[in-house]
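Here is the structure we will look at.
The values are calculated or read from the model by the stated rules, or taken from the named source; none is laboratory data. In this text the structure is predicted, and so the values were computed from the model without any measurement. Cβ placement follows ideal geometry from the backbone for every residue including glycine, while neighbour counts extend to all protein chains displayed.
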Amino acid sequence: MTPLLFDFNHVPFSRAGRFLTLSMMDVPGKDGIRALYLRHVAGGDERPSLGRLCRVEFLDENGLPLAATFDLSPDCLVARAGDGRAEFAIGEGETLHLRGAGLSVRFHLEGSRYDYVYQPPHGGHCLVAAVENVKIIPLSVEGDLDVTGTWQRDHSERVTMTFGGGAGFEGHLALFRTIAPEPSAVRFEEARAGAGREFDAWLSGLPQALARQEDAHRLASYLLWANRVPAGGALTRPAIYMSKNHMINVWSWDNAFSALGIAGADPQLAFDQFAVIFDHQDPSGLLPDYVNDRDVLFAFTKPPVHGWAVSLIARQFRDFLTPERRAYLRDAIARQVTYWLTHARAVSGDLPCYFHGNDSGWDNASFFAEGGPVISPDLPVFLILACDALADFLEEDALKAENWRREAEKLREMLLSRLWTGETFAARLVSAPHNPLPGESLIQFMPLLLGNRLPTSIRDMLVARLQDGAFLTEWGPATESPQSPFYEPDGYWRGPIWAPTTLLLWDGLRRQGEDALARTVAMRFLALAARGGMAENFDALTGNGLRDRAFAWTSAVYIFLSRAYSPNQT
């Protein structure tokens, strides 16, 4: 029986290293009606199509549509409609295999102005999704294949391909961009079995599931596998997209959390998650906001969590920092710190700032309610931890290492003198540095990550404030206190629980010796994900999953914390 968490209405069907995806999506212009779509999730999430190629329908013997139910597993998607059944598997390359009986499956090409179908010189048919920059060649192995399309001056209308046959059918679709690949000799069962073996091998390298959380563990493992896309274009390395629903990019702090989740299973892939962003680092040290196969966006950036993340991995997995990876990350993180200390402040005696909420990663948080630029307590903390990583793990030159330690101490002193109010750490506008910004954001607790660098009196006040301020709901740490006037149940960074901030808070509590409280935070998050799946974020009071429900960094944090608390781990 398919686990409840593998809900195909929310979780797409794909395979590691593929853009090819099957998922349920809203039909454009149909006011909430959803349908099955064949997609190619290249090109980023700024395109309204989100990679839609074909709407997929199931038809009875009279050609009438049938409603379908779906069972999703890592190796196969099964659709049941009427008395019929269709199965889908992803084979080598961007090839979708399908077979079925008792129904027909019709793919309706819909999208761009210049879509068309033609007959190649070597026979068969080729469908061209012009704006999506994808071509499709369908091939029937058993049963019937019918391809239609009416030529209209410079494009084709009503382009469809339908697989069917009274005794059943089998075939495949080959997706490509330039020259058609050789027709695949692989049959459906071989493709399905190959995907299953690949996923099982991936699963075996991850930590074992916590008791009574096997379904959640399998879902998190699946998403970290299936959300991968291949290197190509601007993607210099194999990359883990945040999702193959809507968030079809790699953002430059999401990548650090993905790396944390997979470092024990695949150290090279974990390193690639850092490098796929750092490969595009500006000479100034600025990182792009996101990368996909087509675009590298510098309109925003993201917080410098990478030194912290690398340190966490290096402490847990001693073999992660090979000489080559160490040298690469040393230079990249050093440039990153230099950017923030050079271009995000006016003089060396100032704290660096975020220009926009998106730069902080907490896009619309309450501390950006009055605009920016904003001096926020998390940014100097991340830079201090990056300096620590350079000094402790990455830098082999003792003099340079000592310089990084001095830089960290200067930032610590400024953090305490400029942002501590006597009760908590408060963000401030650069234009009004003496006025704490309103709101009760979880970001005030990020200095807990400084461990024994934080004075004991401040530590005690922060821990008490965290426990007394309604931040810790029964599901975990709300990003805005439910008692705050800025709190919104589905307010993105104004209330919901997020995986990355949960992990940052957990690590901060551990560094302060608050192991019991850290465990409480972790176990609540693990229970939350086991109940609601790997959602982008969660309602802090109900625990319901919000927004995108198939998110990679949620999965990665789930796997990371599972490893920390599973009694089965070595």
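Identify, by number, the condition in (1) assigned to a loop (DSSP other than H, G, I, E, B); (2) in contact with a Leu (Cβ under 6 Å, 6 or more places away or on another chain) that residue 38 doesn't meet.
Among (1) assigned to a loop (DSSP other than H, G, I, E, B); (2) in contact with a Leu (Cβ under 6 Å, 6 or more places away or on another chain), residue 38 violates only (1).
Any idea which of 226, 231 is among the aliphatic types (A, V, I, L, M) and surrounded by fewer than 21 Cβ atoms within 10 Å (Cβ to Cβ)?
That would be 231, the only listed residue that is among the aliphatic types (A, V, I, L, M) and surrounded by fewer than 21 Cβ atoms within 10 Å (Cβ to Cβ).
Filter the stretch 413-458 for residues that are surrounded by 17 or more Cβ atoms within 10 Å (Cβ to Cβ) and polar (S, T, N, Q); which is farthest from the chain's Cα centre (by Cα)?
Only one residue tops the list, namely 424.
Which numbered condition in (1) among the basic types (Lys, Arg); (2) closer than 21 Å to residue 68 by Cα; (3) in the same structural domain as residue 265 (by TED's automatic domain parsing) is the only one that residue 99 fails?
Residue 99 satisfies all of (1) among the basic types (Lys, Arg); (2) closer than 21 Å to residue 68 by Cα; (3) in the same structural domain as residue 265 (by TED's automatic domain parsing) except (3).
Please go through (1) small (Gly, Ala, Ser); (2) part of a helix (DSSP H, G or I); (3) at pLDDT below 95 for residue 349 and return the number of the only condition it doesn't satisfy.
Going through (1) small (Gly, Ala, Ser); (2) part of a helix (DSSP H, G or I); (3) at pLDDT below 95 one by one, residue 349 breaks only (2).
Condition check: exposed (fewer than 13 other Cβ atoms within 10 Å of the Cβ) and closer than 28 Å to residue 531 by Cβ. Does residue 69 satisfy that?
So residue 69 fits the description; yes.
Of everything in the stretch 106-160, what is among the β-branched types (Val, Ile, Thr), part of a strand (DSSP E or B) and touching a residue at least 60 places away in the same chain (Cβ under 8 Å)? Give them in sequence order. Quick ask: steps written out before the conclusion?
Step one: list which residues in the stretch 106-160 are among the β-branched types (Val, Ile, Thr), which gives 117, 128, 131, 134, 136-137, 141, 147-148, 150, 159-160.
Adding the requirement that they be part of a strand (DSSP E or B) leaves 117, 128, 134, 136-137, 141, 147-148, 150, 159-160.
Within the stretch 106-160, 134, 136 qualify.
Touching a Leu at 6+ places or on another chain (Cβ under 6 Å), aromatic (Phe, Trp, Tyr), in the same structural domain as residue 335 (by TED's automatic domain parsing) and outside any loop (DSSP other than H, G, I, E, B): which single residue out of 367, 382 fits that description?
367
Quick one: which residue in 301, 322 is out of contact with any His (no Cβ under 6 Å at 6 or more places or on another chain), farther than 24 Å from residue 449 by Cβ, at pLDDT 95 or above and among the β-branched types (Val, Ile, Thr)?
When all the criteria are applied, what remains is 322.
I'm told residue 527 meets every condition in (1) out of contact with any Phe, Trp or Tyr (no Cβ under 7 Å at 6 or more places or on another chain); (2) under 30 Å from residue 318 (Cβ atoms); (3) not hydroxyl-bearing (Ser, Thr, Tyr) except one. Can you identify the failing condition by its number?
Exception for residue 527: condition (2).
Quick grid of which residues meet (1) more than 30 Å from residue 251 (Cα to Cα); (2) modelled with pLDDT of 95 or more; (3) outside the structural domain of residue 162 (by TED's automatic domain parsing); (4) not acidic (Asp, Glu):
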site	(1), (2), (3), (4)
36	no, yes, no, yes
43	no, no, no, yes
49	no, no, no, yes
86	yes, yes, no, yes
89	no, yes, no, yes
121	yes, no, no, yes
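Test residue 401 against the stated conditions and say whether it is without any contact (Cβ under 8 Å) to a residue 24 or more places away in the chain and under 30 Å from residue 544 (Cα atoms).
no
For the stretch 92-112, which positions are of a type in the set (Asp, Glu), surrounded by fewer than 20 Cβ atoms within 10 Å (Cβ to Cβ) and out of contact with any helix residue (DSSP H, G or I) (no Cβ under 8 Å at 6 or more places or on another chain)?
Correct list: 110 only.
How do the pairs read when you match residues in the stretch 233-257 that are under 16 Å from residue 49 (Cβ atoms) with residues anywhere that are at pLDDT below 95 and of a type in the set (Asp, Glu), using Cβ under 8 Å and keeping only pairs 6 or more apart or on different chains?
Short answer, once both residue conditions are applied: 246/45; 247/45; 248/45; 249/45.
State yes or no: is residue 401 surrounded by fewer than 22 Cβ atoms within 10 Å (Cβ to Cβ) and part of a helix (DSSP H, G or I)? Write out each step before concluding.
Numbers: surrounded by fewer than 22 Cβ atoms within 10 Å (Cβ to Cβ): yes; part of a helix (DSSP H, G or I): yes.
Judged against the criteria, residue 401 is a match.
Name the residue that is surrounded by the fewest Cβ atoms within 10 Å (Cβ to Cβ), counting only residues in the stretch 236-286 that are among the polar types (S, T, N, Q) and out of contact with any strand residue (DSSP E or B) (no Cβ under 8 Å at 6 or more places or on another chain).
Taking the candidates together, the pick is 284.
Would you check if there is a residue in the stretch 168-186 being closer than 20 Å to residue 41 by Cα, in a strand (DSSP E or B) and charged (D, E, K, R)?
From the stretch 168-186, those closer than 20 Å to residue 41 by Cα are 172-181; that's our starting set.
Checking the rest, the ones that are also in a strand (DSSP E or B) come to 172-176.
From what is left, the residues that are charged (D, E, K, R) are none.
Scanning the stretch 168-186 turns up no residue that is closer than 20 Å to residue 41 by Cα, in a strand (DSSP E or B) and charged (D, E, K, R).
Could you check, for the stretch 309-316, whether at least one of its residues is out of contact with any helix residue (DSSP H, G or I) (no Cβ under 7 Å at 6 or more places or on another chain) and either outside any strand (DSSP E or B) or without any contact (Cβ under 8 Å) to a residue 24 or more places away in the chain (or both)?
Within the stretch 309-316, one or more residues are out of contact with any helix residue (DSSP H, G or I) (no Cβ under 7 Å at 6 or more places or on another chain) and either outside any strand (DSSP E or B) or without any contact (Cβ under 8 Å) to a residue 24 or more places away in the chain (or both).
The rows are residues; the columns are (1) outside the structural domain of residue 405 (by TED's automatic domain parsing); (2) among the polar types (S, T, N, Q); (3) in contact (Cβ under 8 Å) with a residue 40 or more places away in the chain.
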{"site": "320", "(1), (2), (3)": "no, no, yes"}
{"site": "323", "(1), (2), (3)": "no, no, no"}
{"site": "328", "(1), (2), (3)": "no, no, yes"}
{"site": "338", "(1), (2), (3)": "no, yes, yes"}
{"site": "341", "(1), (2), (3)": "no, no, yes"}
{"site": "347", "(1), (2), (3)": "no, no, no"}
{"site": "351", "(1), (2), (3)": "no, no, yes"}
{"site": "357", "(1), (2), (3)": "no, no, yes"}
